[in-house]
Amino acid sequence: MAAREPGIGIFDSGVGGLTVVQRMIEALPGEHLVYLGDTARYPYGTKSAAVVSRYTLENAKFLLDTGVKLLVVACNTMSAVALDVLRAATDVPVVGVIEPGARAAVGTTRNRKIGVIGTEGTIASGSYTRALRAIDPELEIYTRACPLFVALAEEGWIDNAIAEQAAAMYLASLRQSRIDTLVLGCTHYPLLARTIGAYLGPEVQLVDSATETAREVAALLAARGLAAPSGPGSTSFFVTDVPDRFIRIGSRFLGSAVDSAVRIER
Ligand code: DGL
């Protein structure tokens, strides 16, 4: 029997990275995706950079041990604080979500006033500001941590009165800043896009990293001759706590059913 085609490892603190998996499946239907959600240690957004970096390396090790050919850090918090540490630790190419998100925002803005929302860890790291300024130093950048959005997305409270109030409280200063583009800098936030968009109004474009990240992965695979030969791909899911909740709420993030997930021991 032919050896199994090497997969692409994708990881997040839990279900959020499934919004990236959805776009990867669309862009790369022939690839074998291996997803790890570190559900036992979620959330990462409130944890220190040192702890998030350690978790990042441990997650990556599990995926590398399965023989993946590329790693996608489908979590803004890990991408914000641990990408360099991870790249130094492996020869396998590593794609994070911050630079793709920054590129998408710069490609969208007209007035060069960009807002960025994310977890406390992502915003405190200043990673989006650096990535945006590296592309265009003249941008006006406004940032805001919106920690409750993660819990609201997981609860499915994405368009009720509580979600609307949270959006109003978190985003009032961004609306006043007259941004025309907002980066949804957390893989949970695309679920709240309608509520966020309704509060900010039609003049503000929302961008997230998922589509641009999938595009970057496709380009990297092609450039390095690593793309899977055509044929049906697959997606397998691993978690670090009992899989029930991941399977139950994961479909909302993936856009289709998560049929099964395997728990790994930590
Ligand atoms: N999905 C994570 C991110 O993109 C946030 C969730 C968490 O706090 O673990 O930053």
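On C-alpha positions alone, give me the angle between the axis of helix 18-27 and the longest principal axis of the chain, in degrees, nearest 10.
70
What FRET efficiency comes out for SER173 versus ARG110 if R0 is 30 angstrom and r is the Cβ-Cβ distance? Round to the nearest 0.05.
Efficiency for this residue pair is about 0.90.
So what does LEU226 come to for accessible area, using a 1.4 Å probe and Å² rounded to 10?
It works out to around 50 Å².
Report, to one decimal in Å, the Kirkwood hydrodynamic radius for segment 62-210 based on all distinct Cα pairs.
15.8
Count the net charge of all other residues whose Cβ sits under 15 Å from the Cβ of ALA88, scoring Lys and Arg as +1 and Asp and Glu as -1.
+1
Describe numerically, in nm with one decimal, the distance between label points set 7 Å from Cα along Cα→Cβ at ARG263 and at ALA219.
Result for the modelled spin labels: 4.1 nm.
Ignoring everything except DSSP H segments at least 4 long, calculate the 222 nm mean residue ellipticity for the chain; use -39,500 (n - 2.57) per segment, divide by total residues, nearest 500.
So the helix-based figure for the chain works out to -14000 deg cm²/dmol.
With a 1.4 Å probe and all protein chains left in place, how much of the accessible area of the chain comes from carbon and sulfur atoms, in whole percent?
Its accessible area is 53 percent carbon and sulfur atoms.
Calculate the translational D of the chain in whole µm² s⁻¹ from Stokes-Einstein, where the hydrodynamic radius comes from the Kirkwood formula applied to all Cα pairs, the temperature is 4 °C and the viscosity 1.567 mPa s.
Answer, rounded: 70 µm²/s.
Between Rg and the Kirkwood Rh of segment 188-266, both from Cα atoms, what is the Rg to Rh ratio?
Checking Rg against Rh, the ratio lands at 1.07.
So what is the relative contact order for segment 133-266, in percent, with contacts set as C-alpha pairs under 8 Å and at least six apart?
That works out to 18 percent.
What angle do you read, to the nearest 10 degrees and between 0 and 90, between the alpha-carbon axis of helix 244-254 and the longest principal axis of the chain?
With rounding to tens, the tilt is 60 degrees.
Provide the per residue accessible area, probe 1.4 Å, for segment 111-266, rounded to a whole number of square angstrom.
For segment 111-266, the per-residue accessible area is 49 Å².
Take the chain, mark every one of the GluC sites (Glu not before Pro) that falls in a DSSP loop and has at most 12 other Cβ within 10 Å, then report the longest stretch left between them, sites excluded.
The longest uninterrupted stretch comes out as 1-137.
Let me know the volume per residue of the alpha-carbon convex hull for segment 120-196, in Å³.
89
Would you look at the GNM of the chain, springs on alpha carbons closer than 10 Å, and say which of GLY121, GLY201, GLY45 moves the most?
Fluctuation is largest for GLY201.
If you take every residue apart from PHE237 with its C-beta less than 14 Å away from the C-beta of PHE237, what net charge results, scoring Lys and Arg +1 and Asp and Glu -1?
Within the 14 Å Cβ shell, the charges total -2.
Cα extents of segment 62-146 along the three principal axes, largest first, in whole Å?
The Cα atoms of segment 62-146 stretch 45, 24, 17 Å along the principal axes, largest first.
The values are calculated or read from the model by the stated rules, or taken from the named source; none is laboratory data. Since the model is a prediction, treat every value here as computed from it, not as a measurement. So basically every Cβ, Gly included, is an ideal-geometry build from the backbone, and we count neighbours across all protein chains shown. In case anyone asks, the SASA skips ligands and DNA or RNA and just uses the protein heavy atoms, side chains included. Shrake-Rupley method; radii C 1.70, N 1.55, O 1.52, S 1.80 Å.
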